[in-house]
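The values are calculated or read from the model by the stated rules, or taken from the named source; none is laboratory data. Model, not experiment: these values are computed from the prediction. Cβ placement follows ideal geometry from the backbone for every residue including glycine, while neighbour counts extend to all protein chains displayed.
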Amino acid sequence: MRILCVDPGEKRIGIAISDETGTIARPLTLIEHVSRQIDAATIAALAVEHQVGLILVGQALDIDGKPNLSGRRAARLAGAIRTQSDLPVQMWDESYSTQAAKRVPEELGAKRKRSTEPVDDYAAAIILQSYLDTHENPT
């Protein structure tokens, strides 16, 4: 089963997808944030296009494990996605995914200019890989 992962941000939304076996995550695309409903419709359309069975939404948590401000925004986006899709939508801890994603271009030997490009899709892949590594059989 393929899984689509969403890393919501204020300006951009990173999207990643798993392989059919639910083993490996890869960045898919970036969506420019427009509005919650339009973003949710775009995400739902991507899920249909790529024939996924689950939509995973990254959620930032505070030190007590409760959603912080951006985590609550992510939960609202997840709710909007649920109104646009019949697929299950789950929340998953996104802690430190953006910081890890910022290191990816450097680790791949990219030049300095490349490291200033958006990494939201890489962050989504890191979130998704975390989920896949925790769930041997994500179905």
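Yes/no per residue for (1) more than 15 Å from the chain's Cα centre (by Cα); (2) farther than 15 Å from Ile15 by Cβ; (3) in contact (Cβ under 8 Å) with a residue 12 or more places away in the chain:
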{"site": "Ala40", "(1), (2), (3)": "no, no, yes"}
{"site": "Ala47", "(1), (2), (3)": "no, no, yes"}
{"site": "Gln59", "(1), (2), (3)": "no, yes, yes"}
{"site": "Asn68", "(1), (2), (3)": "yes, yes, no"}
{"site": "Arg73", "(1), (2), (3)": "no, yes, yes"}
{"site": "Ile81", "(1), (2), (3)": "no, no, yes"}
{"site": "Gln84", "(1), (2), (3)": "yes, no, yes"}
{"site": "Met91", "(1), (2), (3)": "no, yes, yes"}
{"site": "Glu94", "(1), (2), (3)": "no, no, yes"}
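Filter the helices (runs of 4 or more DSSP H) completely within the stretch 1-113 down to those with at least 2 residues that are at pLDDT 95 or above and surrounded by fewer than 17 Cβ atoms within 10 Å (Cβ to Cβ). The qualifying helices (runs of 4 or more DSSP H) are 36-49, 69-84. Residues that are closer than 13 Å to Ile17 by Cβ and modelled with pLDDT under 70 within the stretch 114-139 comprise just one, Pro138.
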